[in-house]
Each structure stands twice: as C-alpha cells, then as structure tokens.
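Notes to accompany the following structure.
Taken together, the values in this text are just the output of simple stated rules run on the coordinates, not laboratory data. The structure presented is a predicted model; accordingly, all values stated were derived computationally and were not measured. Here the Cβ positions follow ideal geometry from the backbone for every residue, glycine too, while neighbour counts run over all protein chains shown.
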Amino acid sequence: MNPILSSKLPQAGTSIFTHMSALAQTHNALNLAQGFPGFEPSTEIWQGLQEACKKGLYQYAPMPGYLPLRESIAQHVFQRFGFNADPQTDITITAGGTQALYTAFTALIETGDRVAYFEPAYDSYHPAILLNGGIPVPLALEGSQFEIPWEALDRELKKGLKAIVINSPHNPTASLLSAQDLSKLGRLIENHPTFIISDEVYEHIVFDGQSHAGVLQDPLLKNRSIVVSSFGKTYHVTGFKLGYAIAASPIMKEFRKIHQFQVFAVHSASQHLFYLMMQNPKHYEELGSFYAELRDAFRLRLKDSAFSLLPCKGTYFQLLKMPDSLAKMSDLKAAEWLCREKGLALIPLSPFYSDGRNTGYLRACFAKPTEQLKAATEILNALA
C-alpha cells in the first residue's frame, strides 16, 4: 500500500515574489518586484568576515547566539527604547527575520488559538499560524493611511485572541505605527491574555524626521511581546539571513526551546561580522536619509505620471495606484502585463490579502541603483 501524503498547506502555491521574479527573468525585465537592496554592501562587511575567519569562527556558535553581538543588541535597544534586555536570557540570534517569526508563532500558538494580523500582510504570517494549529484572523487596515481597524480588533479580542501580529514600518504599505498607536493597543489588550508579535525588520528605514516606535518602549506591551528584527535589511545583505528576536525572559525561554530544534545556531562568522558593524552606529543612523533620497527622486520622477503615489513613511517600498488604463485589469494581470509587454516587474497588492482581493495597487521597491530607478520611471511615465 502506498503512503498517502496530506498537504498541511493545500491552498499554498508559488509565492508572488517567486512568480514575478521568474517572469522578469524570462522577459529580461527590470526587477523592482522583489524587495532586496541592489547595492554593494560596505567594504567593512568583507573585512569583518575576514576577521571572523582569522579568529577561527568556523564551528557552531552558542545556541542563543554570539554573546558580544547579543550584548551590542541589548545596548542598542536600551539606548533607543529604554528597555533593559538581558543578553543572556532575552535575546536570540536567528536565521533571518522569517525564522524568528515562525519560531515566535510556534512558541506561542496552540491548536485552536486565534491569531489576528493586519492585511495587506507579509505572506509568511498566515501559513505560519496554520502550520502551528492556529486560526488566522485577518483584519484589513483602513483608509489610504492603512490604519489599524480598532473597533474590529476590539470585537475579535472579546472573542479571544492568543496573539496579535503587528508590522511597522509596514511591508507592503510603507505606513508607520506611532507611539500613540502602540499606547492604544496596550490599553486595548491590557485586560486580555494576548501576546504581541512585532515585526520590526525595517526599523531603521523611517523618513521625514519621524522615529520608529517599537513595542519595547511601551510599558503595557514590552513584557508580553516578541520583537523580530533583521540585519539583512539594515546592512544591504538580505542573503546573509541573520536576524534576532527580543522578549522578556519567560517568553524567550519558550522561544529558545523551539529555536534549538529548528536550527540550533546560525552562521558564526556572520554573527561576529554584525557585532563589528554595530560598533559603528552611522551604518544604521544614516540609513533613513540614504533611502529617503532614493524615495524622493523616485517620487519626483513620477509626479506627472498616470499613477497616484501613496504616502511612503518607511521601508523601501512605494505603492502606486493604477491609472484607469490599467485598472481594467486586475492588479495581478496588470503586473504581469507590465512585465511581459513593458519590461518592468512590480508586485501586485492582491496576494498580500488572504482573499486575494483586487486592489488596484502595485508595489515598487526603490532600493535599487539610480539608473535602474530612472529606467523604471521612464517606463511608467510612458503609460497613458
């Protein structure tokens, strides 16, 4: 008798990022779809790797991560948020932000637990909840500013939520949660047994004089949250797949129980490298102004185009509202047509919703060299 394989994710298919990148390669299109920086990283990256190799960091790192790196992260979050994280018990180095998120879901969710998140959403949340036996509760962000639907969230809390997932700066909308938003969230869940999973991987890419508001600064949220961040976004090396999670020690204890059996530990030399990079704050302190310059140039070149540009407060993504000439198609079909016929790959917003609703929006990644952005805007400006 042949074994029967049952899919744990029967509705899952190829991700929109894989689909559009493959289409871009097939048609030799300019790729502003996949969200990775198109820049050479700092020479200090290579120098740091060489130093790590000279130190003989070839073997397993400690399961929670290289202690000097955890100590640097603890100092960093204390300076920014006043949160006193113990590097021995509260911080774990992970194989990127996505692994940290999955481990957080696994540590917190039991079968039948309801978990709310806000759409449009990063596409790993929904399947991670399902794979851990949870019940996804997607709530649509409201208005052109993509704000939290507070009344809907309150209704779901009264039904019972094990956790709420938040993401700021937000992928794909480029919106931000303010300190006031976090305070409101804290008051809303204060009398509910609900955890927060806070995806803050774009924390250093914030514009126009605003500052990143993190859950670790909020007195009602900091001790019931798992915060996830990423070195790849900050240092232009997403392929290194190194991130970290921060949580109060009772939560982190459960997180590490899972982490040790998923990956045990992550790349030793890279951990030493990012420890060295963190000793020079200019790398992350100047990141916002670096991307703001690219954002402003990209938006300026499109000011007379047929596309409407939504506000971009953080991340390296810009949402474009499709003109009437494209709105006759779904956003997915429009993205495929642009790639196939015009040589430009963008991401439609519909796959960021669990129901795949047509949105009329396309997402462009402007973390690319100036000449690529100029070529992309020329294509978009030529569309009536």
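Pairs of C-alpha atoms in the range 1-64 farther apart than 17 Å represent 71 percent of all such pairs. Taking the chain as a Gaussian network of alpha-carbon nodes connected by springs under 10 Å, the highest mean-square fluctuation of the residues Ala335, Ala248, Ala327 belongs to Ala327.
Grab the beta carbon distance between Asn2 and Ala22, set R0 = 41 Å, and tell me the FRET efficiency rounded to 0.05.
Values: r = 32 Å, r/R0 = 0.78.
Calculated value: 0.80.
Taking only the Cα atoms of the range 37-77, the radius of gyration and Dmax are 12.9, 32 Å. In this simple spin-label model, placing a label point 7 Å from the Cα along the Cα-to-Cβ direction at both Arg80 and Ala152 gives a separation of 2.9 nm. With no solvent and one equal point scatterer placed on each C-alpha of the range 80-126, evaluate the Debye formula and give log10 I(q)/I(0) for q = 0.25 Å⁻¹, two decimals. Each listed q corresponds, in turn, to -1.05.
Quick one, can you get me the convex hull of the C-alpha atoms of the range 267-377 expressed as volume per residue in Å³? Could you put the intermediate results ahead of the total?
Values: hull volume 16.4 nm³, N = 111.
Spelled out: Cα convex hull of the range 267-377, divided by residues, is 148 Å³.
With N as its number of residues, the range 288-334 has a Cα radius of gyration that, divided by 2.2 N^0.38 Å, comes to 1.29.
If you run the Gaussian network model on the chain, springs between alpha carbon atoms under 10 Å, then out of Gly160, Gly288, Gly243 the most flexible one is Gly160. Stokes-Einstein diffusion of the range 180-226 at 20 °C, 1.002 mPa s viscosity, Kirkwood radius from Cα pairs, rounded to a whole number: 187 µm²/s. The alpha-carbon atoms of the range 220-329, seen along their principal axes, cover 53, 33, 30 angstrom, with the largest extent given first.
Rounded to whole Å, the principal axis extents of the Cα atoms in the range 113-195 read 32, 29, 17, largest first.
Hey, what's the Cα Rg ratio for the range 4-117 versus the globular rule of thumb, 2.2 N^0.38 Å? Please list the in-between numbers first.
Details: Rg = 20.0 Å, N = 114, 2.2 N^0.38 = 13.3 Å.
Ratio of Cα Rg to 2.2 N^0.38 Å: 1.50.
Report the FRET efficiency, 1/(1 + (r/R0)^6), for Ala384 and Ser144, where r is their Cβ-Cβ distance and R0 is 25 Å, rounded to 0.05. Kindly include the intermediate steps, with their values, before the conclusion.
Details: r = 24 Å, r/R0 = 0.95.
Calculated transfer efficiency: 0.55.
Computed over the chain, the percent of Cα pairs more than 32 Å apart is 35.
Could you size up the charge dipole of the chain around its Cα centre, putting +1 on the beta carbon of Lys and Arg and -1 on that of Asp and Glu, and report it in debye to the nearest 20?
With Lys and Arg at +1 and Asp and Glu at -1, about 440 debye.
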